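See structure below.
The values are calculated or read from the model by the stated rules, or taken from the named source; none is laboratory data. These numbers were taken from a predicted model, which means no experiment stands behind them. Methodologically, a virtual Cβ is constructed for each residue, glycine included, from the backbone with ideal geometry; neighbour enumeration extends over all protein chains shown.
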Amino acid sequence: MSDSRRKFLKTAGLGSLALFFLSSCKKLGLSSKKKFKGNVIIIGGGAAGIYAGYLLKELGIEFTILEASDKMGGRMGKLTGFSDYPIDLGAQWMHGNQSIVGEFVELFQADVALDDTESMYWFENELIPTLPKSVDIFDKEGLPDLSFADFAMQKGLSPSYLPIIESLAGDYGADASDLSARWVYEEEQNWSSGDGDYKFKETFYDLIFSHFGAQVANNVTVNSIVNTIDYSSDKVLVSTNSGQQFSADKVLITVPITILQSNDISFVPTLPVKKTTAFSEIGMGAGMKVFMKFSTRFYADNIIGGAVCAAYFNDAIGKNTTDNVLIAFVMGQQAEALSAMNSDQAIINALLAELDAMHNGQASATFLGAFVQDYLKAPFIRGAYSYSKVGMNKNTRAIAAESVNSCLFFGGEAMNLNGHHQTVHGAIETAYREVMKIMKEV
Amino acid sequence: MKNRCFFVLSCFFISAYASAQNYRIGLGYSFLNNSQWNQTIQLYNDSRPFLEEKQPLLQNGFFLSFDRMLKIENKHPFALSLAYSFFNSKADNVVYVSKINLHTLSFSFNSTKYYLIHKNTPLTFSFGAGMLSNYLERRINPNATINEDYPIRSLGFGPLLNLNFSYDITLNKGVKITPFVQVSFAPYYYSPGAEKCLNLTQGMMEESWNNTLNIQAGLRFSCIK
C-alpha cells in the first residue's frame, strides 16, 4: 500500500471516528443550557400552573404560585365521603392516551379503564337505543361558521333533535347555540392524542396533584386574589386584594379565560386591544356536575337528550364500587338555568323530575343523596372550559396566547394552540410551552 | 427486526454476487441531522423531567445501499442507487419504555466517478439527485396499561441531493473495496406527522417542512471481471 493511500485511510478513519464521537456527545446534550436567571410568578394553581411550577423547580428557577382560592386544583377537584370511592369533581376523563398525561399514567402506574359505554337517547319522550336520524354531521371539512344548533337545523334535523345536539355541544363545554361547527372542526384537525376516553380507578386529580402538586406545594400561596399586574417597568409587580405585592422578572398567567375576559385583573399598561379582543372571542360557558346516588341502578350508562340536563353518565364506570352514582353533566344554557335556581335542592329536584319522567319515577324512589358542583359559581373559575365560539377566527387562540413585552406569558387550556384545549394534557402542554419560552428569554 | 435486517442483507449480497460487475453494495454508519426533529425531541425531554432516561436524538444509525451501474451508449455512465437507513432512539425507563424507530429509503441517480486529482487516481467524487422517504414510528412497552393506540406512525418524503467522495482499493481476485463518505441533503422535506411521534403533539412546533442532512461513511463492495 502506498504512503498516500495509507495516509488517506488513516485520515478517513479518524474522520469517521470523530463524526461518530461528536454525534454521540450530542445525544444527551439537549437544550438544558439555562439562559434565564430571574424569578417567575405563576398566577393560577390549576394543572397548568402546577406543572409550570414543577418544571421551573426542576430547572432551578425561583418561582411563586399565587392561587386565588384556598387550595390547588383549579378545575380539578376531589370529593371523598359521598360514595365508597373518591370522585373527580372536575376533569375526570383522560381523552386519548397519546399525550403527556398518558405517560403519567404509565409512569405512576395509575389504574385506568376505557369508557366506551353505549348510550340511550331520550327522544320525543321515549328512551331509545338509536336515533331515527344520524347526528354525525359535524365532522366534515368546509362547515360554515354557524352554531351547532343552527347547522343542525340547516341540515334538516327537527327541533326534537336539539337536546341531542345540546349534549354534543355539552361535550365541548358549550351551548349548542354558541358553539361553532366550523371552528370545532378546524381546531380538532390538530388533535393528536388518540381516540379513547379513560377513567381513573382512583382520581384524575390524584394523578396530577399527588405527584406534581406535592412537589411545588411549598411555593404555592393560596387565597391570593391577584387584582393588578403592573408590567410598566423592568420588574413586574403583582398585587393582590389583601394588599400583598410580589415582584418578578416574568409572570405566567394560567387563570381561566373567563377571568381574563371579565377584567378581574387590571394590567398596567393595559393589554393590547388585539389581545383583549382575542380573549373575548374564546367561549367559556356555564358548567355543572351533579352527583346523584341511588339505592338501585335503574339507568343506562349514558342517557342523552334531556331538556334539563342533556347528558347523564354512570359514574361507576372504571371504579371499584358498589354504589350507584349518576352524574348530571350540565353545560351551557342548561347549566345557567339550573345555576340561576340558587338552591342545590331545587337543582336536584329538577334533575330528579327529569329522571323520573324517563324511568317511571324510579329516580325519586331510590334517591339517596346528591352533591352539586357548580363551576359557574366558583368565583375564580366561572365556567366549564373554553370552546370554539361562533365568530372566532383561526388566530384567536394564538393571539390570546402571545406573550406581552417578553414578561407576561399566558397558559392554561384555553391557550392551547394544538387542538388540545379543554383537556388537562392541553393545559399541561401550554405550561411547558410557556416555561420553554421563559427559559429562552435573556 | 433482526430477521428483517438479515433478509435485506442477504438479498443485497445474493444480487451483487449474481452480476457483480454491474452492481455494488454498500454498508456503514449513517448520521442524521434534522434540526426540527431534534428540537422536538429536545422539547419532549425538557418538558418531562420525570423521565430519568431521556429520549436520545435520532442521529446515529446504519445504512445499506444497492447500486446498479448503467451506461447508455456514448453517454456518461451513471448509477441507480437504492439505500435504506435505520435509526432508533430508546428511552428505557423502569416502567415506561419509549422507542422511536426511523426507517428511511432513498432512490437516486448518481453520476459515476469524477476524478478528484487527475485521471486514474483512486480518489473520486460523484453527485446525484433523487427522492428520500421515511417511516417514523413510536412504540411503548407492550405491557403498558394503555397501549391500544400505539404505535404512532408517520410518513415523510422530499427531494434528495447527494455528494459522494470515495477511494477505490482494488484487492486480489478482482474485488474492489471502496471506502466512501456521502453527504445527502433533503431540502423542503415534508414530514407532517413527525411531531406527533416525537412529542405527542401536532402544531406546537413550527413547520411540517424542514431540511434533512445525512452523512454516511462506509464501504462499498463490487467485483471487477
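For this structure, a couple of remarks:
- Once region A:405-442 is narrowed to residues that are among the β-branched types (V, I, T) and more than 9 Å from chain B (Cβ to nearest Cβ), the residue that is surrounded by the fewest Cβ atoms within 10 Å (Cβ to Cβ) is A:V442.
- Long-range neighbours under 6 Å by Cβ, at least six apart or interchain, first residue without any contact (Cβ under 8 Å) to a residue 24 or more places away in the chain within region A:241-257, second among the small types (G, A, S): A:Q245/A:S239
- Residue within region A:55-68 that is within 14 Å of chain B (Cβ to nearest Cβ) and buried (at least 24 other Cβ atoms within 10 Å of the Cβ) present: yes
- The single condition among (1) surrounded by fewer than 21 Cβ atoms within 10 Å (Cβ to Cβ); (2) within 14 Å of chain B (Cβ to nearest Cβ); (3) part of a loop (DSSP other than H, G, I, E, B); (4) not aromatic (F, W, Y) that A:S233 does not satisfy is (2).
- Top-ranked residue in region A:84-104 [being away from every other protein chain (no Cβ under 14 Å) and of a type in the set (A, V, I, L, M, F, W, C); ranked as surrounded by the fewest Cβ atoms within 10 Å (Cβ to Cβ)]: A:L89
- Meets criteria (buried (at least 16 other Cβ atoms within 10 Å of the Cβ), hydrophobic (A, V, I, L, M, F, W, C) and in a loop (DSSP other than H, G, I, E, B)) for A:F138: yes
- Residue satisfying condition, being of a type in the set (G, A, S), free of Cβ contacts under 8 Å to residues at least 60 places away in the same chain and under 30 Å from A:E106 (Cα atoms), within set B:G128, B:G174, B:G193, B:G158: B:G193
- Looking across region B:207-216, the residues that are touching a residue at least 60 places away in the same chain (Cβ under 8 Å) and more than 11 Å from chain A (Cβ to nearest Cβ) come down to B:E207, B:N210, B:N211, B:T212, B:L213, B:N214.
- Identity of the residue in region B:109-139, of a type in the set (A, V, I, L, M), assigned to a strand (DSSP E or B) and more than 16 Å from B:S85 (Cβ to Cβ), that ends up modelled with the lowest pLDDT: B:L123
- Residue selected from region B:26-42 under the condition facing chain A (nearest Cβ under 7 Å) and under 30 Å from B:N164 (Cβ atoms), by the criterion surrounded by the fewest Cβ atoms within 10 Å (Cβ to Cβ): B:Y29
- Number of positions in region A:184-206 that are crowded, with 22+ Cβ neighbours inside 10 Å and assigned to a helix (DSSP H, G or I): 3
- Residue in region A:106-116 that is touching a helix residue (DSSP H, G or I) at 6+ places or on another chain (Cβ under 7 Å) and among the polar types (S, T, N, Q) present: no
- In region A:114-135, residue surrounded by the fewest Cβ atoms within 10 Å (Cβ to Cβ) [restricted to those that are of a type in the set (S, T, Y) and not in a loop (DSSP other than H, G, I, E, B)]: A:S119
- Screening the candidates A:I42, A:I50 for the property of being among the β-branched types (V, I, T) and closer than 30 Å to A:A316 by Cβ yields one hit, A:I50.
- Just so you know, in region A:330-353 the residues that are of a type outside the set (A, V, I, L, M) and surrounded by 24 or more Cβ atoms within 10 Å (Cβ to Cβ) include one that is nearest to A:M284 (Cα to Cα), and it is A:G332.
- Residue check, B:S98 within 24 Å of the chain's Cα centre (by Cα), in contact (Cβ under 8 Å) with a residue 12 or more places away in the chain and within 12 Å of chain A (Cβ to nearest Cβ): yes
- Taking region A:326-345 as the range and being aliphatic (A, V, I, L, M) and under 17 Å from A:E118 (Cα atoms) as the test, the residues that pass are A:L326, A:I327, A:A328.
- Residue satisfying all of: in region B:50-77; touching a Phe, Trp or Tyr at 6+ places or on another chain (Cβ under 7 Å) and outside any strand (DSSP E or B); nearest to the other protein chains (Cβ to nearest Cβ) among these: B:Q59
- Set A:D150, A:D145: member being surrounded by fewer than 23 Cβ atoms within 10 Å (Cβ to Cβ), out of contact with any His (no Cβ under 6 Å at 6 or more places or on another chain), assigned to a loop (DSSP other than H, G, I, E, B) and more than 14 Å from chain B (Cβ to nearest Cβ): A:D145
- Which listed residue is within 20 Å of the chain's Cα centre (by Cα) and at pLDDT 95 or above, from A:L237, A:L260: A:L260
- Among the residues of region B:70-96, those that are touching a Lys or Arg at 6+ places or on another chain (Cβ under 7 Å) and more than 19 Å from B:S191 (Cα to Cα) comprise B:P77, B:A79, B:L80, B:K90, B:A91.
- Of the set (1) more than 14 Å from chain A (Cβ to nearest Cβ); (2) crowded, with 17+ Cβ neighbours inside 10 Å; (3) of a type in the set (A, V, I, L, M, F, W, C), all apply to B:V175 but (2).
- Of the candidates B:N74, B:N120, B:N45, B:N110, the single residue that is without any contact (Cβ under 8 Å) to a residue 12 or more places away in the chain, under 25 Å from B:Y167 (Cα atoms) and out of contact with any helix residue (DSSP H, G or I) (no Cβ under 9 Å at 6 or more places or on another chain) is B:N120.
- Region B:128-138 - residue that is within 14 Å of chain A (Cβ to nearest Cβ) and crowded, with 19+ Cβ neighbours inside 10 Å and, of those, nearest to B:T201 (Cα to Cα): B:R138
- Whichever residue in region B:145-172 is of a type in the set (F, W, Y) and within 11 Å of another protein chain (Cβ to nearest Cβ) and, among such residues, is farthest from B:S222 (Cα to Cα): B:Y150
- Options B:S111, B:S47, B:S81; residue that is small (G, A, S) and facing chain A (nearest Cβ under 10 Å): B:S47
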